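Engineer: Right, I'll just put the structure down here and ask away after.
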Amino acid sequence: TLVELLLVISVLGIILAFFVPPIVSRLTNNARVVSTQQEMNMLREAIAERRDRQRFPPPGDFVEVGRRRLHVQTRGSGERIVLLDASLGAWSSHWSLTAAALGEHATVLSYDRAGLGWSDERPGQASLASLVADLEVVLEARAVDREVVLVGHGLGALVCQLVAVRNPESVVGLVVVD
């Protein structure tokens, strides 16, 4: 179980703390101690992430983007779609109150950018072009042949503006929140 695994890791950490430093202290290079500490921290982080994924499952579902997935929450139902794009570092759950209110009148989508919330990380660096491409994939998957109103806050506003310019046939409205 997870508790047993944490216990084993704790015991391993104690053993490493007592036996590895004296051995390494005889050496002029302390790289092994640093490496051992980093490995232990990475292991603890991996265990915590796995526990969090079990305790906090995603409230929405996913859109496939190549080999990764973007998390999308959907609220309400209606012919028109309102897509909410959050500011830098924010994610779909930051829109929860807004999505609930708008969900009474439209289908509301909010999504997590790559590496945020429940979405998978992007390989390499993110760019404005890649953010626009990701949002267009979400729209293609969820707003097929439907009118869309884009709502963007901060960085999300910039991404929404670019998507609106590139997709005038489907974007019928744009709201920029500062």
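The values are calculated or read from the model by the stated rules, or taken from the named source; none is laboratory data. None of the values given here were measured: they were computed from a predicted structure. Positions of Cβ are generated from backbone atoms using ideal geometry, with glycine treated the same way; all protein chains shown enter the neighbour counts. Areas reflect the complete protein model, heavy atoms only, side chains present, ligands, DNA and RNA absent. Shrake-Rupley method; radii C 1.70, N 1.55, O 1.52, S 1.80 Å.
Engineer: Give a residue-ordered list of calculated ³J(HN,Hα) values for the range 123-131 (Karplus: 6.51 cos²θ - 1.76 cosθ + 1.60, θ = phi - 60°; whole Hz; x for Gly, Pro).
Structural biologist: Once rounded to whole Hz, the list reads x, x, 7, 7, 9, 4, 4, 6, 5.
Engineer: Sorted by average packing, counted as other Cβ atoms within 10 angstrom per residue and highest first, what order do 50-57, 130-137, 100-107 take?
Structural biologist: Per-residue mean Cβ counts within 10 Å order the peptides as 130-137, 100-107, 50-57.
Engineer: Let me ask another. Please arrange HIS94, HIS153 by accessible surface area, largest first, computed with a 1.4 Å probe and ligands excluded. Intermediate values should be presented prior to the final figure.
Structural biologist: Details: HIS94 120, HIS153 65 Å².
Output order, biggest surface exposure first: HIS94, HIS153.
Engineer: Follow-up. List the residues, sorted by chain then number, that are 5 or more residues from ASP85 or on another chain and whose placed amide H is less than 5 Å from its amide H.
Structural biologist: HN-HN under 5 Å from ASP85: VAL151, GLY152, HIS153.
Engineer: Which value in Å does the Kirkwood hydrodynamic radius of the range 110-178 take, with 1/r averaged over all unlike C-alpha pairs and then inverted?
Structural biologist: This gives a value of 12.4 Å.
Engineer: Okay, next question. How would the range 60-178 be classified by its alpha-carbon gyration tensor: rounded, prolate or oblate, with rounded meaning a/c under 1.5 and the a/b versus b/c comparison settling the rest?
Structural biologist: Rounded shape, in that the Cα axes give a/c under 1.5.
Engineer: Sticking with this one: Based on the Cβ-Cβ distance from ARG146 to MET40, what FRET efficiency comes out when R0 is 41 Å, to the nearest 0.05?
Structural biologist: Computed FRET efficiency for ARG146 and MET40: 0.25.
Engineer: Something else now. Give me a comma-separated list of calculated 3J(HN,Hα) values for the range 37-44, in order, Karplus coefficients 6.51, -1.76, 1.60 applied at θ = phi - 60°, integers in Hz, x for any Gly or Pro.
Structural biologist: Values, residue by residue: 5, 5, 4, 5, 5, 5, 5, 4 Hz.
Engineer: Rounded to whole Å and sorted largest first, list the principal axis extents of the Cα atoms in the range 72-126.
Structural biologist: 38, 19, 15
Engineer: Hey, another quick one. Rounded to the nearest 0.05, what FRET efficiency do ARG53 and SER127 give with R0 = 35 Å and r taken as the Cβ-Cβ distance? Could you check?
Structural biologist: With a Förster radius of 35 Å, E is 0.80.
Engineer: Could you state the principal axis extents of the C-alpha atoms in the range 36-92, from the largest down, to the nearest angstrom?
Structural biologist: If we take the Cα atoms of the range 36-92, the spans are 56, 24, 23 Å.
Engineer: List every residue whose amide H lies under 5 Å from the amide H of ARG80, counting only residues 5 or more places away in sequence or on a different chain, with H placed 1.01 Å from N in the peptide plane.
Structural biologist: Distant-sequence amide H within range of ARG80: THR107.
Engineer: In whole Hz, with x marking every Gly and Pro, tabulate ³J(HN,Hα) for the range 109-115 from phi via Karplus 6.51 cos²θ - 1.76 cosθ + 1.60, θ = phi - 60°.
Structural biologist: Each residue of the range 109-115 in turn: 10, 9, 9, 9, 4, 3, x Hz.
Engineer: Taking the highest mean first, how do the peptides 120-128, 167-175 order by number of other beta carbon atoms within 10 angstrom per residue?
Structural biologist: Ranking the peptides 120-128, 167-175 by packing returns 167-175, 120-128.
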